[in-house]
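Here's the structure, in structure tokens; my notes come after.
The values are calculated or read from the model by the stated rules, or taken from the named source; none is laboratory data. Fair warning: this is a prediction, and the values are worked out from it, not measured in the lab. As a convention, Cβ positions derive from the backbone with ideal geometry for all residues, glycine included, and neighbour counts pool all protein chains shown. Protein only, heavy atoms only, side chains kept; ligands, DNA and RNA dropped before computing areas. Shrake-Rupley method; radii C 1.70, N 1.55, O 1.52, S 1.80 Å.
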Amino acid sequence: MIGQKKQKIIAVGLALTLGTLGIHRFYLGQKSMGVSYLLASCTIIGLPIVLSIAVVDCIGLIVLPHREFERRYNPQLMVGKA
């Protein structure tokens, strides 16, 4: 996904549907976080914890203003914009 524009709606959808596996983190370019979610979801104790965190991630992405999403996850598009 390097160099491609990341879309907020896709990130929210991935967090909502595959959040416990960390797929939304991989999509957003946060590979180490994605691996952490994936590994934690493989354990009985980690699964409910990761599920809770994925729900919080989903809500956080929903309420994140579009401009802030662009600044965080599409910095290559913000060049020259103040």
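Each row is one residue, and each column tells you yes or no for (1) more than 14 Å from the chain's Cα centre (by Cα); (2) of a type in the set (Gly, Ala, Ser).
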{"position": "SER32", "(1), (2)": "no, yes"}
{"position": "LEU39", "(1), (2)": "yes, no"}
{"position": "ILE44", "(1), (2)": "yes, no"}
{"position": "VAL50", "(1), (2)": "no, no"}
{"position": "VAL56", "(1), (2)": "no, no"}
{"position": "GLY60", "(1), (2)": "no, yes"}
{"position": "PRO65", "(1), (2)": "yes, no"}
{"position": "PHE69", "(1), (2)": "no, no"}
{"position": "TYR73", "(1), (2)": "no, no"}
- [ ] Within the stretch 60-71, work out how many residues are open to solvent by 30 Å² or more (accessible area, probe 1.4 Å) and without any contact (Cβ under 8 Å) to a residue 12 or more places away in the chain.
- [x] 6
Open item on the list: I need the full set of residues from the stretch 22-36 which are open to solvent by 50 Å² or more (accessible area, probe 1.4 Å) and in a helix (DSSP H, G or I), in order please.
Closed with: ILE23, PHE26, LYS31, SER32, MET33, VAL35, SER36
TODO: Would you check which residues across the stretch 37-52 are more than 23 Å from ASN74 (Cβ to Cβ) and part of a helix (DSSP H, G or I) and list them?
DONE: LEU38, LEU39, ALA40, GLY46, LEU47, PRO48, ILE49, VAL50, LEU51, SER52
